[in-house]
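A short worksheet on the structure shown next.
The values are calculated or read from the model by the stated rules, or taken from the named source; none is laboratory data. These numbers were taken from a predicted model, which means no experiment stands behind them. FYI the Cβ positions are ideal-geometry reconstructions off the backbone, even for glycines, and counts take in every protein chain you see.
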Amino acid sequence: MEITCLRVPQWEKYHELLHGFLGRRGGRSSGPYAGLNLSFRVGDDDHVVKDNMCDMKGAVGIHSGRVVTMTQVHGDHIVEIKDRNLKEAGEADGLLTEQSGIYLGVLTADCVPILFVVPAQKVIAAVHAGWRGTMTGIAAKAVKLLLEEHSVLPSEIEVALGPSIDACCYEIGEDVSRPLIEKWGDLAGSCIQTRDRRTYLHLRNLNQAILHRAGIPESQIFQIGPCTGCAQEDFFSYRREKKETGRQISLIGWHSQ
Ligand SMILES: [Zn+2]
């Protein structure tokens with residue numbers, strides 16, 4: 001089965017930029033991890049995950065250079081990557097680099113993978129935002145880092161939010177809705193829906209609103225791909241599969257000259 005990779009149409013003009021939101025299609029994993037599981041931490045066979053990583057790199061066109069991932073812990077720590085040989089960045093939920101030839105990867109199954117690009121300076125970032133990361137405002141933190149430490153203007157940043165669980169499928173309790181509303185007020189309120197006395201959260205819309213409030217023009221924030229809870233054939237979903245499932249990867253990096 002062929003690997004699927006969703007791209008941002010508005011980014012196709014950046015010829016040296018490699019990016020994409022990959023799904024579960026293709027790959028060699030089986031059972032609950034079928035097929036393109038790219039996480040070594042979910043109980044899948046390490047050898048198979050390694051093969052998946054190789055297949056995936058070939059399919060998207062990474063012929064030299066590393067894919068850097070991190071041990072995601074639902075926090076707001078963002079690491080800057082300078083070492084081209086690094087494969088694992090340690091405990092973090094965001095990666096950033098100014099160097100070409102380094103491909104940043106986020107692993108998800110319902111949480112929002114967020115890719116950032118500053119085309120003029122070739123700076124990129126990749127962030128993992130579940131509800132906890134969203135509460136801490138990791139997306140806004142990435143913007144702040146770009147502004148304060150990389151001399152970027154908000155108008156120069158473009159952001160894409162990938163396949164993640166939307167309000168159709170993401171039922172939440174008060175333990176989630178209350179802290180989100182306390183932290184984000186109306187921004188969170190407008191992303192929380194009630195149906196049949198149940199409460200649902202649109203995690204992607206909330207991150208989009210947070211990014212807009214952080215200064216990024218609406219026209220430079222893109223949502224790509226479906227709800228992971230709905231798209232059973234195409235994406236892993238932690239909630240739909242009741243926790244035992246794989247992780248799909250979202251990638252961004254500038255090819256080396
Ligand atoms: Zn859904």
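Structure data summary
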| read-out | value |
| --- | --- |
| Any hit, the stretch 162-182, residues being among the aliphatic types (A, V, I, L, M), surrounded by 24 or more Cβ atoms within 10 Å (Cβ to Cβ), modelled with pLDDT of 95 or more and under 30 Å from residue 50 (Cα atoms) | yes |
| Failed item, numbered, when residue 243 is tested on (1) touching a strand residue (DSSP E or B) at 6+ places or on another chain (Cβ under 9 Å); (2) among the basic types (Lys, Arg); (3) away from the ligand (no atom under 16 Å from the Cβ) | (1) |
| Test: residue in the stretch 67-89 that is modelled with pLDDT of 95 or more, small (Gly, Ala, Ser) and out of contact with any helix residue (DSSP H, G or I) (no Cβ under 9 Å at 6 or more places or on another chain) | yes |
| Every residue from the stretch 219-237 that is within 13 Å of the ligand (Cβ to nearest atom) and either under 30 Å from residue 86 (Cα atoms) or crowded, with 20+ Cβ neighbours inside 10 Å (or both) | 225, 227, 228, 229, 234, 235, 237 |
| Any strands (runs of 3 or more DSSP E) falling wholly within the stretch 1-106 and containing at least 3 residues that are without any contact (Cβ under 8 Å) to a residue 60 or more places away in the chain | 66-71, 88-91, 94-97 |
| Only listed residue being out of contact with any Pro (no Cβ under 9 Å at 6 or more places or on another chain), farther than 16 Å from residue 112 by Cα and either within 16 Å of the ligand (Cβ to nearest atom) or aliphatic (A, V, I, L, M) (or both), chosen from 210, 181, 216 | 181 |
| From 199, 136, residue being under 17 Å from the mean Cα position of the chain (by Cα), surrounded by 15 or more Cβ atoms within 10 Å (Cβ to Cβ) and hydroxyl-bearing (Ser, Thr, Tyr) | 136 |
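Residue by residue, here is whether (1) in contact (Cβ under 8 Å) with a residue 24 or more places away in the chain; (2) within 27 Å of residue 17 (Cα to Cα) holds:
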residue	(1), (2)
178	no, no
188	no, no
195	no, no
203	yes, yes
208	yes, yes
219	no, yes
222	yes, yes
